[in-house]
Amino acid sequence: MELVELYALSQSQDFLHDWYMEALVKQARDKLGLLRLGYKYCLKIPAVLGGQYENSNLATISLHEKVAISGRPAKEIGESPDGAQIRLDISKWRFLQSTPSTSQNIPVRRNLTVCNGSDCAPHSL
């Protein structure tokens with residue numbers, strides 16, 4: 001996206017409403033409380049992996065950890081189309097390791113092999 005396009009979008013109230021996710025931030029604040037210094041709200045299961053923008057998928061994460069892991073799913077998924085077989089190693093995704101599996105509640109988007117270190121298992125999202 002070019003800077004001119006981004007500027008034009010930033011003038012749209014609909015875009016700004018989506019960009020700042022005010023309703024979702026309010027849900028997160030109501031559920032999780034105010035953020036500690038250096039922490040942000042996040043999705044337990046990232047949207048690109050089928051995570052929903054809903055109360056049950058909200059968590060907090062340190063900004064340091066969020067930045068450290070935010071590019072990992074994109075790098076591992078790359079340009080693969082929906083339904084592609086991809087392998088994700090979540091061994092360094094600490095905030096996901098304590099999250100109970102909710103795969104039955106998320107739409108099928110990709111067929112994944114999820115690995116936690118050397119322990120791998122097929123997983124559909």
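Need pairs with beta-carbon distance below 6 Å; first residue under 23 Å from residue 58 (Cβ atoms) and within the stretch 7-30, second surrounded by 11 or more Cβ atoms within 10 Å (Cβ to Cβ); sequence gap 6+ or separate chains.
Matching pairs, first to second residue: 15/9; 24/53; 27/55; 28/41; 28/58.
Go through the stretch 36-58 and count every residue that is at pLDDT 90 or above and within 21 Å of residue 81 (Cα to Cα).
So the count comes out to 1.
Which of the residues belonging to the stretch 28-46 are part of a helix (DSSP H, G or I) and either charged (D, E, K, R) or surrounded by fewer than 16 Cβ atoms within 10 Å (Cβ to Cβ) (or both)? Show your work before the answer.
Kept after step one, since they are part of a helix (DSSP H, G or I), are these residues of the stretch 28-46: 28-32.
29, 30, 31, 32 - these are the residues of the stretch 28-46 that are part of a helix (DSSP H, G or I) and either charged (D, E, K, R) or surrounded by fewer than 16 Cβ atoms within 10 Å (Cβ to Cβ) (or both).
With 100, 81 as the choices, which residue is at pLDDT below 50 and surrounded by fewer than 16 Cβ atoms within 10 Å (Cβ to Cβ)?
Details: 81 fails: at pLDDT below 50.
Checking each option against the conditions leaves just 100.
I'm trying to understand the selection: among the residues of the stretch 47-65, which are in contact (Cβ under 8 Å) with a residue 24 or more places away in the chain, assigned to a helix (DSSP H, G or I) and of a type in the set (A, V, I, L, M, F, W, C)?
Result: 48, 49, 63.
Could you please find all residues in the stretch 1-22 being part of a helix (DSSP H, G or I), out of contact with any Phe, Trp or Tyr (no Cβ under 6 Å at 6 or more places or on another chain) and surrounded by 10 or more Cβ atoms within 10 Å (Cβ to Cβ)?
Keep residues of the stretch 1-22 that are part of a helix (DSSP H, G or I), which gives 3-10, 13-20, 22.
Remaining after also requiring out of contact with any Phe, Trp or Tyr (no Cβ under 6 Å at 6 or more places or on another chain): 3-8, 10, 13-20, 22.
Hits for the stretch 1-22 are 6, 8, 10, 15, 16, 17, 18, 19, 20, 22.
Can you go through 14, 18, 30 and tell me which one is more than 30 Å from residue 81 (Cβ to Cβ) and among the charged types (D, E, K, R)? Don't jump to the end; show me each part of the working.
Details: 14 fails: more than 30 Å from residue 81 (Cβ to Cβ); 18 fails: more than 30 Å from residue 81 (Cβ to Cβ).
It is 30.
Provide a single number: the residues in the stretch 20-61 that are hydroxyl-bearing (Ser, Thr, Tyr) and over 27 Å from residue 10 (Cα atoms).
1
Can you say whether residue 43 is over 9 Å from the mean Cα position of the chain (by Cα), without any contact (Cβ under 8 Å) to a residue 40 or more places away in the chain and under 18 Å from residue 20 (Cβ atoms), as far as the supplied structure shows? Write out each step before concluding.
Numbers: over 9 Å from the mean Cα position of the chain (by Cα): no; without any contact (Cβ under 8 Å) to a residue 40 or more places away in the chain: yes; under 18 Å from residue 20 (Cβ atoms): yes.
No, not satisfied.
The values are calculated or read from the model by the stated rules, or taken from the named source; none is laboratory data. This is a predicted model, so every value here is computed, not measured. Virtual Cβ from ideal backbone geometry, glycine too; neighbours counted across all protein chains shown.
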